[in-house]
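The values are calculated or read from the model by the stated rules, or taken from the named source; none is laboratory data. Small disclaimer: the values here were computed from a predicted structure and weren't measured. Cβ atoms come from the backbone with ideal geometry, glycine included; neighbour counts cover every protein chain shown. These accessible areas exclude ligands, DNA and RNA; they are computed on the full protein's heavy atoms, side chains included. Shrake-Rupley method; radii C 1.70, N 1.55, O 1.52, S 1.80 Å.
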Number of protein chains: 2
Amino acid sequence: MLENIQELIDQYIDLSFSVHRKGESLIRDQIGSDLTNDQHYILRYISQTESCTSSELAEEFDVKKSAITAIINRMWEKGLIQRTRDEKDRRVVYLTLTEKGNQLYVNCEERIYKLVESFIKKFDPKEIKQFLETYKKLNQILIESKDYKVEE
Amino acid sequence: MLENIQELIDQYIDLSFSVHRKGESLIRDQIGSDLTNDQHYILRYISQTESCTSSELAEEFDVKKSAITAIINRMWEKGLIQRTRDEKDRRVVYLTLTEKGNQLYVNCEERIYKLVESFIKKFDPKEIKQFLETYKKLNQILIESKDYKVEE
DNA sequence: GTTTAATTGTTCAACTCATTAACTATTAAC
DNA sequence: GTTAATAGTTAATGAGTTGAACAATTAAAC
């Protein structure tokens, strides 16, 4: 039963990172980090993949590579991210978290977990579970129809 | 039955304007408007209230008034918005849509309706209805706990 | 093997949106 | 009538975005 709730919380966090409430700066305001939301998304992605590239991030977040370069630069200046050139293919640069970056990430995730837990618990587990399932389906449909254009 | 689906579509559009999928620029890409999402939100709000003020918009979208001034300026330059000073209280400026602004709004809404309809129809009406209800409750909880901060 | 094409990532200029702080103009309060 | 508060703007600054041009490197064509 307990791990059931934990799973719901994890699923919600996953969703709330693909969805973004307008006018809400959860990371800065409620979690008390000086990262922007976008910077936290990237911190999170790098942490989970251990190591990734700019192209991969651009693909994942559906923005141009130059946008990723700008964000990574700011995070690099804060000492959160390391850049390592691939020895075989010297075009690619691997991005990894520094110790400082990892500590910040772990600390934030802990707080995010507590925050999400606090309002997930206000729902009947069945209701929130059904909600998340529909949400995932909807998200998938939105992704699939991303290039569909409405005619006149 | 038919108005049931229409209602669901309306509710979804309302929600999707308070929620904002990251990396998705629905208005520009799928609807084919040259407005940004933020500009469309404001177009929409002014249309629905007939007339409003900068302060009201700042309150509604939870940003500072200077941010609203910047957006309104851009929309004013495009000829979408009119500014009218109140004759009694000459500090306040009423914002209304021009004919051009209103035409653009109506045109966009029509396309948005079609787009949302196309994927709402992929769900069982019961499922999407339940989804929207939970979403509204969740949204309310998020708004209420906006000032809650997670402790160390 | 040399030329051509594709890929990875950066830099730069221009845009939108956000905040903070200082400011004008006007109205309200005492 | 002086002081407070309110409505809105302006200016400086920063983050994130795009598009275009670029360098460096690798892959493909021949």
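Rounded to the nearest 20, the size of the Cβ-charge dipole of region B:47-152 about its Cα centre is 360 debye, with Lys and Arg at +1 and Asp and Glu at -1.
Placing a label point 7 Å from the Cα of B:Glu110 along the Cα-to-Cβ direction, the distances to the matching points in the other copies come to 5.7 nm, shortest first.
The spacing between region B:38-80 and region B:82-148, judged by their C-alpha centroids, is 13 Å.
Relative to the longest principal axis of the C-alpha atoms of chain A, give the angle of the C-alpha long axis of helix A:37-49, reported between 0 and 90° and rounded to the nearest 10°. The two axes meet at around 80 degrees.
For the residues A:Ile120, A:Ile143, a 1.4 Å probe over the protein chains yields an accessible-area ranking, largest first, of A:Ile143, A:Ile120. Computed over region A:107-152, the convex hull of the alpha-carbon atoms projects to a mean area of 5.3 nm².
What total accessible area, in Å², is buried where chains B and A meet, using a 1.4 Å probe and rounding to the nearest 100? So the total buried area for this chain pair works out to about 4000 Å². Principal axis analysis of the Cα atoms in region B:51-128 yields extents of 52, 27, 22 Å, listed in decreasing size. Return the loop-located GluC sites (Glu not before Pro) in region B:57-89 (DSSP other than H, G, I, E, B) with at most 13 other Cβ atoms within 10 Å of their own Cβ; answer none if there are none. Those satisfying the criteria are B:Glu87.
Sorted shortest first, the separations between the A:Ser66 label point and its copies elsewhere in the assembly read 2.7 nm; each point sits 7 Å from Cα along the Cα-to-Cβ line.
Within 10 Å of each Cβ of A:130-143, how many other protein chain Cβ atoms are there on average?
Numbers: counts 4, 8, 2, 2, 9, 3, 0, 6, 9, 1, 0, 5, 6, 2.
Per-residue shielding by partner chains comes out at 4.
Counting from the shortest, the label point at B:Lys78, 7 Å from Cα toward Cβ, is 3.2 nm from the same position in each remaining copy. Around the amide H of A:Tyr94, modelled in the peptide plane, lie the amide H atoms of A:Thr84, A:Arg85, A:Asp86, all under 5 Å away and 5 or more residues distant in sequence or on another chain. Structural descriptor for chain A: relative contact order 25 percent, calculated from alpha carbon pairs under 8 angstrom and at least 6 residues apart. Its residue count N sets the reference 2.2 N^0.38 Å, and the alpha-carbon radius of gyration of chain A equals 1.18 times that reference.
Quick one: Debye curve from the alpha-carbon atoms of the protein assembly as shown only, equal weights, vacuum; give me log10 I(q)/I(0) at q = 0.10, 0.12, 0.14, 0.15 Å⁻¹ to two decimals. At q = 0.10, 0.12, 0.14, 0.15 Å⁻¹ the computed log10 ratios are -0.68, -0.97, -1.25, -1.36. Between B:Asp89 and A:Arg90, the FRET efficiency estimated from the beta carbon spacing at R0 = 45 angstrom works out to 0.10. Axis of helix A:2-18 versus longest Cα principal axis of chain A: the two differ by about 60°, to the nearest ten degrees.
Inter-chain neighbour count for B:110-117: the average number of beta-carbon atoms from partner chains within 10 Å of each residue's beta-carbon is 2. Helix A:65-77 and the longest principal axis of the C-alpha atoms of chain A enclose an angle of approximately 80°.
Build a GNM of chain A with springs between Cα atoms under 10 Å apart, and of A:Lys65, A:Lys122, A:Lys78 the one that fluctuates most is A:Lys122. When a 1.4 Å probe is rolled over the protein heavy atoms, the share of accessible surface on the protein assembly as shown that falls to carbon and sulfur comes to 49 percent.
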